[in-house]
Amino acid sequence: MDREKVSKIFAISLLFVTNLLLLIPSISAEEITTIVSVETQIAQGNDDAYGVENGSTVLGDSIVQAGEGSRAAYRFQLQIPQNASIKNAHLSLAYNWASHSAVSLLVSAENSDNSPAFNTNLNNIANRKTFNNSIEWTAVKTEWGTYLQSPDLSSQLENLISKSTWKSGNYVTFIVESKNHDQIWEAISYEGSDWDPGTLAAKLSFDTEIVTQQEEPCTSCTEEKLFTSVVTNANDDAYETETGEMQISSEIVDSQKLGAFMFHTNIPQGSVINNAHLSIAYNWGLDNPQVNIFGELGKSANFASTKNDLSKRNKTLNSVAWTLSSTLDWGTYTKSPDISSVLQEQVNNKNWNGTAVIFLENKNDEKFWEAVSYEGSDWSEGALAAMLDVNASVKGEVSKEKGKVMFVVDDLQYDWIEEESVAITQLHITENVDLLVNVIPYGLSKSTLLTPQLLNWSKNYGSLIEIAMHGYTHTGDEYLMDSDSYTRQKQIIESGLAEFTKLGIRPYSFTPPGGAQNTDTLKVLDEEGFHTIFDWWVGQKKINSVYVLKQSEALLCVNADEGSKCKFKSSEQLMTEMDKALAKDGYVAVTFHVQDFMTPTGSLNQTKMTQYKTILEEFKKSSKYEFVTAEEYYQSIK
């Protein structure tokens, strides 16, 4: 069963002042309780073990034994918050063999808020302290491979998650012992299945209550909100020459006389502007000019080719000086000082319509600065367009919809970088951040490392980790699928799908190698039941039943090289790129490759893993983002 995502619940604290001169409006809230059923299974061979009478620990056996002095141990990772309500908790074990028709067992949880992994140290299992309230379980003989369910273990689980140090994502261990020394009961271990590892591994299931609050709107309340806007088309940036001629289709925005950017912000009239910044990409400059930033006052109309269209417009009284560097690399974004005074004057105007026109004026004839326009990017229109970030306090009910962020990792495959693939994905599971893994299906049936993990992710973390198909072999003409015939593309896609089907995995998202696709690709995907394809160049659109999503708006690497030469962008730089894409498309895919986490010698780069963990944790602190898989995004827009 898929892991249910559990959001943190924030309490609302209201202050009432018993003074006739002051009345603070309150928000009444209705609590909604939802019962969620959760099931998790042993995810790897070292998470079940047993300690024998002499104190040694048995790992990797085909069975897990309780009896004759042996203690069986099962370790599970749980994604549930502290103090969650637990009901109907059961341990399910697949039967292997028993010495008696009925064996009396005792089940208890280890008294540890984050149970450590098993190892072969002497008495590693024997020395684990458990809670006193053991649960008695009579386990009977039955057919091999049949699951037997324990009595209710809710009290044991609640003992753990009520600890002040419990965190979602921690591990719990259940210890199973025989009440009578001579009675033996064996369960099938993770490795013990006759066909695939993990198929008959131990399971833990329980019900938990999720309590949310449905608030009534408060029309007189104030909420702080971030408005991020970008120039969205070629007619929304322009400049006026010294002779008054308008340049609307240029690849630059020149500030020598007057440059202008139009942003459709949707900031409500009368909002309090806390801070605001303009970000523009550098094209060319000379001698670090100082420009004045001011805004258009009143209702803004589209830029026109009429002579002196910009200079004739009403300007704000407030302006902000900005010294621009002329030594930047081409395409580098630079952020202005705070221009909240300019924005505040605009949104206070009675004719404000939500559209902000921001002017740059350079009055020094000997110093120059040019920004890259919407048309000016070398690779894709709008890629280096201007951006406006505004933090405003807004009155009344405000939409709380967050920007949908997908993390996408390419090139998981058999017999290469498997360790890195597993480590990156496990980090996302630990951090509880969604991830789409683009998997090359060729040869997966031979893998003893990656494939068992794919099965585990599909079975136990399907709502957190989505498995997508990345071509079939990822070689040869698959890099030029847009040049292949319909028949050849169908052969590639069906071959990859057949490999996944053998494993019991059904992907619904497809990423062609190199982003190469055409209408035949989309036709085949539609016929084969896929609903999403990722493209490096094309933005969101729907063809037949297939959504095309852009993959290249926020790349993890600073440099173009992937692999050990990759240098990760800072959290701030990534967020800037993400906010820009979200303002334009409503979603963003943060994309990287498994090989970006390799050292030059081909091993896992632990320093980069630490850097990436920090990036994920910074993103989680922000209230702007909702992490989703492609499947979840598709469900929200279909």
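The values are calculated or read from the model by the stated rules, or taken from the named source; none is laboratory data. Note that this is a predicted model, so its numbers are computed, not measured. Backbone-built Cβ (ideal geometry, glycine too); neighbour counts: all protein chains shown. In case anyone asks, the SASA skips ligands and DNA or RNA and just uses the protein heavy atoms, side chains included. Shrake-Rupley method; radii C 1.70, N 1.55, O 1.52, S 1.80 Å.
Tell me, what % of the accessible area of the chain is carbon and sulfur with a 1.4 angstrom probe?
Answer for the chain: carbon and sulfur cover 47 percent of the accessible area.
Among rounded, prolate and oblate, which fits the stretch 310-405 when a ≥ b ≥ c are the square roots of the eigenvalues of its C-alpha gyration tensor, a/c under 1.5 means rounded, and a/b larger than b/c means prolate?
It is oblate, given that a/c is not under 1.5 and a/b is not larger than b/c.
How big is the chain on each of its three principal axes, counting only the C-alpha atoms and giving the largest first in Å?
Answer, in whole Å and largest first: 100, 77, 43 Å.
Nearest 500 deg cm²/dmol is fine: what mean residue ellipticity at 222 nm does the chain get from its DSSP H runs of n ≥ 4 alone, each adding -39,500 (n - 2.57), divided by its residue count?
Counting only the DSSP helices, I get -5500 deg cm²/dmol.
With +1 assigned to the C-beta of every Lys and Arg and -1 to the C-beta of every Asp and Glu, and no other charges, what is the dipole magnitude of the stretch 186-345 about the Cα centre in debye, to the nearest 20? Before the final figure, lay out each step's value.
On the way: 9 positive and 23 negative charges, 228 e Å.
It comes to approximately 1100 debye.
State the volume of the convex hull built on the alpha-carbon positions of the stretch 396-540, expressed per residue in Å³ and rounded to an integer. Each step should come with its number before you reach the end.
Working: hull volume 19.1 nm³, N = 145.
So the per-residue hull volume is 132 Å³.
Return the long-range amide H neighbours of T146 (sequence gap of 5 or more, or a different chain), with a cut-off of under 5 Å between placed amide H atoms.
Y95
Averaged per residue, what accessible area in Å² does the chain show with a 1.4 Å probe, protein chains only? Don't skip to the answer; put the middle values down first.
Numbers: 28260 Å² over 638 residues.
Result: 44 Å² per residue.
Going by average Cβ density within 10 Å per residue, which order do the peptides 581-591, 154-164 take, highest to lowest?
On the way: 581-591: 21.7, 154-164: 17.5.
In decreasing order of mean packing, 581-591, 154-164 become 581-591, 154-164.
Using 1/(1 + (r/R0)^6) with R0 = 60 angstrom and r between the beta carbons of E617 and V52, what's the FRET efficiency to the nearest 0.05?
Plugging the Cβ-Cβ distance into 1/(1 + (r/R0)^6) gives 0.90.
So, in nm, how far is label H100 from label T607 when the simple model puts each one 7 Å beyond its Cα toward the Cβ?
It works out to 6.0 nm between the two label points.
Sort 477-490, 447-460, 497-510 by packing, meaning the average of other beta carbons within 10 Å per residue, with the highest value first.
Descending packing order for the listed peptides: 447-460, 497-510, 477-490.
Cross-link candidates for K315: which lysines have Cα within less than 19 Å, leaving aside residues fewer than 8 places away along the same chain?
K257, K299, K307, K350, K363
Mind checking which of W352, T425, Y442 is farthest towards the positive end of the stretch 311-449's charge dipole, using Cβ charges of +1 (Lys, Arg) and -1 (Asp, Glu) about the Cα centre?
W352
List, in the order given, every pair from K565/K624; K459/K624; K335/K404; K225/K580; K550/K608; K569/K613 whose Cα-Cα distance in the structure shown is over 20 Å.
Numbers: K565/K624 31 Å; K459/K624 30 Å; K335/K404 24 Å; K225/K580 16 Å; K550/K608 26 Å; K569/K613 13 Å.
Going by Cα-Cα distance, K565/K624; K459/K624; K335/K404; K550/K608 fall outside the 20 Å limit.
Would you mind putting 235-242, 407-414 in packing order, based on average other-beta-carbon counts within 10 Å, highest first?
Sorting 235-242, 407-414 by mean packing, highest first, produces 407-414, 235-242.
May I ask you to list, by number, the DSSP H helices of the chain whose Cα span along the axis is at least 24 Å and whose average Kyte-Doolittle hydropathy reaches -1.0 or more?
The qualifying helices are 486-503.
Which net charge results when you count Lys and Arg as +1 and Asp and Glu as -1 among the other residues whose beta-carbon is under 11 Å from that of W166?
Once positives and negatives cancel, what remains is 0.
Compute from the Cα atoms of the stretch 574-638 the Rg and the Dmax, the latter being the longest Cα-Cα distance, and quote both in angstrom.
Calculated on Cα positions, Rg and Dmax stand at 14.6, 45 Å.
Just grab the label-to-label distance for N114 and R506, each label 7 Å out from Cα along the Cβ direction, in nm (one decimal).
So the label points at N114 and R506 sit 3.8 nm apart.
Quote the charge dipole size of the chain about the Cα centre in Debye, to the nearest 20; the model charges only the Cβ of Lys and Arg (+1) and of Asp and Glu (-1).
1300
So if I place +1 on the C-beta of Lys and Arg and -1 on the C-beta of Asp and Glu, and nothing else carries charge, what would the dipole magnitude of the stretch 368-510 be about its Cα centre? I want it in debye, nearest 20.
Here the stretch 368-510 has a charge dipole of around 780 debye.
Along Cα→Cβ, 7 Å out, is where each label goes; now give me the distance between the ones at K167 and Q573 in nm to one decimal.
Once both label points are built, they end up 2.8 nm from each other.
With N denoting the number of residues in the stretch 329-469, provide Rg(C-alpha) divided by 2.2 N^0.38 Å, to two decimal places.
Against the compact-globule rule of thumb, the ratio is 1.66.
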